[in-house]
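The structure appears right after this line, and notes come after that.
Values quoted throughout were computed directly from the atomic coordinates according to the rules given, and no laboratory measurement underlies them. Computed from a predicted model, the values in this text were never measured in an experiment. Glycine also receives a Cβ, built like all others from the backbone with ideal geometry; neighbour counts cover every protein chain displayed.
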Amino acid sequence: MELLRSWVNDELKLSRPVSSFEVDMANGYLIGEILVRHGLLPGHAPLEALQDKESPNAKISNFGMVQQALLDLGVKFDSQIANSIMTEKKGVATNLCYQLRLGLQNAKGAGKPVTRRGVAEPVLMGSTIKVAQPPTAQPAAPTTSAGLPFPTPNHHPPASQPACHKGRPAHPAHPRQPCSCVPRVRRPTVCR
């Protein structure tokens, strides 16, 4: 924990010293400041968008802004972790700072500062940024000349799959047979 504290206080020299990770990181401001120092928060003036206040709205806003950057660094972060940090649960903020430090070290490549051409501040390596993949087009299901889907071997119209009085569908092992509590219904025959 002392190594983390010296990293935050001596190396990064944040706007205020960290004496207790649980108390000092509870509103998310210092976490955001760490990310801003490494060029990981988007926006024109990301530090001004963060609020160094203890109000619930400020905490939620701050953690909402840092969430994607933390996830991009491989830091385990979700609403439960954010809530645990906001409520100062022991060890959670320390663990997040440890993961954050490891993620930044991995992104920088063994501690060397990574810079983009023409930008003096360190930034995240492009290889670690998750690029959203465009959705792949699903092939359209074949249809008949009337625009109806071709029947498949296990295709039954919804009306031919009766549900029991408890709303259970047909028996999973025998999909053509309904639940035993449903009286047998004659199915319409399908021409093939």
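Listing for the model above:
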| item | result |
| --- | --- |
| Exposure proxy order (Cβ contacts within 10 Å, fewest to most) of D52, D10 | D10, D52 |
| Residues L47 and D78, FRET efficiency given R0 of 25 Å [Cβ-Cβ distance, rounded to 0.05] | 0.55 |
| Gain upon complete extension [E54, L71; 0.36 nm per residue less C-alpha separation] | 3.7 nm |
| Relative compactness, region 1-115, computed as alpha-carbon Rg over 2.2 N^0.38 Å | 0.97 |
| Full-extension gain in nm, Y98 to E2, via 0.36 nm per residue minus C-alpha separation | 33.4 nm |
| Relative exposure of Y29, Y98, judged by other C-beta atoms within 10 Å (fewest first) | Y98, Y29 |
